[in-house]
1. Kindly provide the set of residues from the stretch B:250-278 that are out of contact with any Leu (no Cβ under 8 Å at 6 or more places or on another chain), under 20 Å from A:Tyr124 (Cβ atoms) and either hydrophobic (A, V, I, L, M, F, W, C) or facing another protein chain (nearest Cβ under 9 Å) (or both), ordered by number.
2. Out of the stretch B:95-117, which residues are within 8 Å of chain A (Cβ to nearest Cβ) and closer than 14 Å to A:Ile306 by Cβ?
3. Here is a list: A:Val266, A:Val280. Which entry is within 14 Å of another protein chain (Cβ to nearest Cβ), among the hydrophobic types (A, V, I, L, M, F, W, C), touching a helix residue (DSSP H, G or I) at 6+ places or on another chain (Cβ under 9 Å) and under 24 Å from A:Leu191 (Cβ atoms)?
4. I need the full set of residues from the stretch A:281-336 which are assigned to a helix (DSSP H, G or I), over 17 Å from A:Gly268 (Cβ atoms) and among the small types (Gly, Ala, Ser), in order please.
5. Looking only at the stretch A:154-171, count every residue that is free of Cβ contacts under 8 Å to residues at least 40 places away in the same chain and under 22 Å from A:Leu83 (Cβ atoms) and tell me the total.
6. Exactly one condition in (1) within 14 Å of chain B (Cβ to nearest Cβ); (2) touching a residue at least 60 places away in the same chain (Cβ under 8 Å); (3) in contact with a Leu (Cβ under 9 Å, 6 or more places away or on another chain); (4) of a type in the set (A, V, I, L, M) is not met by A:Ala103; state its number.
7. With B:Leu147, B:Leu109, B:Leu141 as the choices, which residue is farther than 15 Å from B:Ala209 by Cα and modelled with pLDDT of 85 or more?
Amino acid sequence: MADATVGLAKPKLDLAALAPLALIASVIAILATAPLWAGRADLRMLMEALSFLALAQMWNLLAGYTGLISVGQQAYVGLGGYLFFALAMFMGIPVLWAIPLAAAAAAVLAIPVGWLAFRLKGAYFAIGTWVIAEVFRLLAAQFPALGGGSGISLPVALAKSVAETRSGSEMVMYYIALAIALASVAGVWLLLRSRWGLALTAIRDSEPAAASLGVDVRRVKFMVYIGTAAGTALTGAFIFLQKLRITPEAAFSVTEWSAFVIFIVVIGGLGTIEGPILGVILFFALRDLAADWGTWYLMGLGAIAISVMLVDRRGIWGALRARGVPEIFSTRRVLK
Amino acid sequence: MDLLNLLIQGTLLGGLYALFAAGLALMFGVMRFINIAHGDFIVVAAYLLLVAVLTLGLHPLVGIVLVTVLMGAIGYLGQRVLLNRVLDDDILPPVLVTFGLSIILQNALMEGFSADSQRVPAGSFDTASIALGPDIAIGLLPLAMFLAAIGVLGVLHYVFFHTHLGRLLRATADDAEIVPLMGASNAHTFALATAIASAVVAIAGTMLAMKTNFDPTIGPSRLLFAFEAVIIGGLGNIWGVLAGGIILGVAQAIGAQIDAGFQILAGHIAFLVVLALRPRGLFAKS
């Protein structure tokens, strides 16, 4: 009798498990063929959205799982951008190699920076990281070789080294953006399903409980801080390759790389992989509709973020989950 | 002589930074809560004084009193209506709500007053100074502000340690869960703390308005100065905040002397050095 029940239930279970994978695969397929169906403007917007998705996943991993609320991740966007420019322009490193190298260099810098920032706790950590980002912004303006306060453009020869033609280069750029975004989602997902993920989930739910079970909370948090710094810098390097120009104000912008990214994560749903994806879609849809409203659009964005905290701080995805919508990126562990 | 001059100018600037910091420290002390929009509230106070003096034609001193009362009332209501609803063990909601407020305030000021740089004239005070020697002169306005800052910190000290309200605030800072058992309401106490902090913010903002040019975007950097002064001085110490403000002011004055681009950077570096060597601040109460 028991055998029969299991036998009956099995196909249904497999279908439920396959549906999210089918959804993920079809979204990837649609995105991967975008250069075939999207116009130039749409492709540019997709590139930007994919960059924001990567930044949002990194911030989500940091804040949603380790509870480290940083208002200073623009430090790593800017560092990634500036290190990329320096590596490509002064050390003659091929453009496509300079992007991951810039991320690695930023991760090395994140070690002493993290050591300093970790001396502050909670809300103080948030503002401390912001001060550190400001230090990098002011320092960037002090390097005449990198254009000082007025910034610098990537030499045409370097920009052209990506591909001969304009459409060829846009294609390469698009696939870099797609690769970075997919890597950020897959990376966070795989991390959460690994042994580390178990520790992270335990820390998210209760730090004292995690510590009492033998999780080295400080070490896990520090490693995640370094990892997200690398991912953020990787994205930053790409963003400024695509923009072809970097200035201290743009590279270390708190509004662009912290406020927008935080709003995306929180509106979508903190501490879930789906949340930042949903948040990015909403953010870009809203921007498309309301970008002409200028300051009113930004005020509206601030008001939405406040409303999410007042109405349901789990964000839109969290609220949907609570109403029975099944998760797409399963990270749950079921006792067997 | 030059160094002495730098020390004096930096110290006078430090008084203003101590006022920036006092409001922030007070709210953190009582509610374990950092207001990301702190700097933007300072700028709002500056604009309110601008309206009072230039639009309504009031005397600056009357304007300061009016703005202080108004901001105190706004602080009380804001805490009761909005911020109390997001205060608990989770630090994200208050950070996010005040981050949202910061964006809203900056853009609302931009909409109302444009991005133009403004300043409130302080009459003959603007240029008057006392000569202390052949090379050194102290501006009357910075001196008056420094003395006012010490006065405000003195009042805060008195309120905190010699009044019923102060006892309530200190008890809430020690253990906010126990205080309601003695018959006090946390919602009311928190709102009173925010009202006091907002009044201090108002005084700081009105001084800023008379001292330097301001525009809607300068709030965040004032938040960072306030934060740095708090951390340098050490938590839980009103006079430590003054010391932190002065150290920050002197560091910025020395930085500005080296290169105009180093002014703010030098202040940040002083903060990072203290953070590296004495993470609990120089004058923390153990």
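The values are calculated or read from the model by the stated rules, or taken from the named source; none is laboratory data. This is a predicted model, so every value here is computed, not measured. FYI the Cβ positions are ideal-geometry reconstructions off the backbone, even for glycines, and counts take in every protein chain you see.
1. Passing the criteria: B:Ala251, B:Ile269, B:Val273, B:Leu277.
2. Answer for the stretch B:95-117, where residues must be within 8 Å of chain A (Cβ to nearest Cβ) and closer than 14 Å to A:Ile306 by Cβ: B:Val95, B:Leu96, B:Val97, B:Phe99, B:Gly100, B:Leu101, B:Ser102, B:Ile103, B:Ile104, B:Asn107, B:Ala108.
3. Numbers: A:Val280 fails: within 14 Å of another protein chain (Cβ to nearest Cβ).
The unique qualifying residue is A:Val266.
4. Selection gives A:Ala290, A:Ala291.
5. Residues flagged as free of Cβ contacts under 8 Å to residues at least 40 places away in the same chain and under 22 Å from A:Leu83 (Cβ atoms) within the stretch A:154-171 amount to 4.
6. Status for A:Ala103: all satisfied but (1).
7. Details: B:Leu109 fails: farther than 15 Å from B:Ala209 by Cα; B:Leu141 fails: farther than 15 Å from B:Ala209 by Cα.
It is B:Leu147.
One line per residue, one yes/no per condition, for (1) in contact with a Leu (Cβ under 6 Å, 6 or more places away or on another chain); (2) more than 14 Å from chain B (Cβ to nearest Cβ):
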position: A:Arg287; (1), (2): no, yes
position: A:Gly294; (1), (2): no, no
position: A:Ala303; (1), (2): no, no
position: A:Ile306; (1), (2): no, no
position: A:Arg313; (1), (2): no, no
position: A:Trp317; (1), (2): yes, yes
position: A:Arg321; (1), (2): no, yes
position: A:Gly324; (1), (2): no, yes
position: A:Glu327; (1), (2): no, yes
